[in-house]
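Data first, discussion second: the structure below is written as structure tokens.
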Amino acid sequence: MSERVLTGITTTGTPHLGNYVGAIRPSVAASREPGVQSFFFLADYHALIKCDDPARIARSRLEIAATWLACGLDPARVTFYRQSDIPEIPELTWLLTCVCPKGLMNRAHAYKAATDANEAAGQEPDDGVSMGLFSYPILMAADILLFNAHRVPVGRDQVQHIEMARDMAQRFNHLFGAGRELFVLPRAEIEEDVATLPGLDGRKMSKSYDNTIPLFAGGAAALKDAIARIVTDSRAPGEPKEPDGSALVMVHDAFATPDERAAFHAELRAGLAWGEAKQRLVALVERHIGPMRERYVELMARPDRIEDILQAGAAKARAVARPLLDELREAVGLRPATAADTGGAAPAKPRAEALAAFKQYREADGRFYFKLVAADGALLLQSTGFDNGRDAGAWVKRLKAEGAAALAEAPLDRAQGDLAAAAAALDALAAAEAAA
Ligand code: TRP
């Protein structure tokens, strides 16, 4: 299987120039790399968490679909679909919900931010928190795991969610995989070096600061209007101007070639008027955005065609998703009834949750030891002797927290026990610890 890269786009709001430079342009470029299989989807179930206005939901997912297509996302080359057209996603969400520790969700940043804000305001912690907001990371895990994505490019704020998806995948593999990897463990790919575009006031361009330059909305006139409102210093025409740190120059540079950048900086240092500089910026951005806007307008005039593209994408996505989901259903025991299910016939599987336990003790030699013992009594790990109990205890604590990752360094009597079984048991313990 070639590397799979998957990205979800929450369908809220109207895309601005910052979204284009920071997310759309680099993602479209990445989708053209050879050797990767790209999945792009409109996360419209996620949009429902924040919005209960049906007209806005419907409009936003259409606008965002048209935006990505107009910006060059090629549905023949990538799998481009709408989350809500894939019934396997909510189906998997439930399977994951049943293995996801509630404690894990309690620690999700978005939920904690909401409860913290409530507490600061003297309200009930869960005031205004829907179950959708609370368990949002499970839906996101289903988005990712259903397609066995290896890489998930996201912003910093989303990294915790990818780690949670990994946790859920690991737990599911452990409980139901019977030695197989049902799920690939996804990796977050943090977009460190993508440009964040400044907005009109010089702060990061963001809807919440109300400082955005629209991408397509309002046409060329709105683009020109917004650029005219970019804040500059008050240097008069003819006075030398410092390009570094100027919001106007940063927006310019996000669209210019290296030569164009150098020429523009030199002209500003030589006294180019801000008004003239803004006109140049309008022309430059328009040269890039104009042709895309035309495609956008054409697409928005034919929502039926967008619908066809998305339906074809959904069929492509479901051809991947359905077979995996069938396998998962089988693995958890949701399968056609057979004689094996009549009881007695199949040996009862040992409870996967039966956990191994650490024991600490002192030997006749006066030294302190620990061991890890499986639920059935088998010895999994045996430590070497410690001079004091604290050191033995510290190792037990570390192994519990770090799981199998700490095994290599642990002071063990490696002639005893069963390291492979110990690794699995430690991961199960760590997962249970995380859940507690
Ligand atoms: N929650 C993501 C965001 O707000 C969007 C998203 C939903 C997503 N599902 C995803 C991103 C799966 C990556 C993978 O940006």
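Miscellaneous remarks
- Here L272 meets each of (1) modelled with pLDDT of 95 or more; (2) assigned to a helix (DSSP H, G or I) with one exception, condition (2).
- Total residues in the stretch 141-174, condition under 14 Å from R4 (Cα atoms), within 7 Å of the ligand (Cβ to nearest atom) and part of a helix (DSSP H, G or I): 2
- Any hit, the stretch 409-416, residues being at pLDDT below 85 and crowded, with 16+ Cβ neighbours inside 10 Å: no
- Pairing residues of the stretch 197-218 that are touching a residue at least 60 places away in the same chain (Cβ under 8 Å) with residues that are surrounded by 20 or more Cβ atoms within 10 Å (Cβ to Cβ) and of a type in the set (S, T, N, Q), at Cβ distances under 8 Å and at least 6 apart in sequence or on separate chains, gives G199/N211; G199/T212; M205/N211; M205/T212; S206/T212; L215/N19; L215/T67; F216/T67.
- Pair list, Cβ < 7 Å and 6+ apart or interchain, from the stretch 1-13 residues that are open to solvent by less than 50 Å² (accessible area, probe 1.4 Å) and among the acidic types (D, E) to residues that are assigned to a strand (DSSP E or B) and within 6 Å of the ligand (Cβ to nearest atom): none
- Checked against (1) closer than 30 Å to A428 by Cβ; (2) open to solvent by 10 Å² or more (accessible area, probe 1.4 Å), M105 passes all but condition (2).
Let's see how each residue does on (1) among the β-branched types (V, I, T); (2) within 15 Å of the ligand (Cβ to nearest atom):
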position	(1), (2)
S2	no, no
V5	yes, yes
G8	no, yes
G13	no, yes
N19	no, yes
I24	yes, yes
V28	yes, no
R32	no, no
F39	no, yes
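Let's see how each residue does on (1) modelled with pLDDT of 95 or more; (2) open to solvent by 70 Å² or more (accessible area, probe 1.4 Å); (3) of a type in the set (S, T, N, Q):
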{"position": "A348", "(1), (2), (3)": "no, yes, no"}
{"position": "A352", "(1), (2), (3)": "no, no, no"}
{"position": "N388", "(1), (2), (3)": "no, no, yes"}
{"position": "K397", "(1), (2), (3)": "no, yes, no"}
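- Members of the stretch 177-201 that are more than 30 Å from L328 (Cα to Cα), at pLDDT 90 or above and open to solvent by 40 Å² or more (accessible area, probe 1.4 Å): D201
- Residue, least open to solvent (accessible area, probe 1.4 Å), within the stretch 123-140, restricted to residues that are within 12 Å of the ligand (Cβ to nearest atom), farther than 12 Å from L6 by Cβ and among the aliphatic types (A, V, I, L, M): I138
- Matching option when the condition is over 29 Å from D74 (Cβ atoms), surrounded by 14 or more Cβ atoms within 10 Å (Cβ to Cβ) and free of Cβ contacts under 8 Å to residues at least 40 places away in the same chain, among R280, R269: R280
The values are calculated or read from the model by the stated rules, or taken from the named source; none is laboratory data. Please read these numbers as outputs of a predicted model, since none were measured by experiment. Cβ: placed from backbone, ideal geometry, glycine included. Neighbour counts: every protein chain shown. The accessibility values were calculated without ligands, DNA or RNA, using every heavy atom of the protein model including side chains. Shrake-Rupley method; radii C 1.70, N 1.55, O 1.52, S 1.80 Å.
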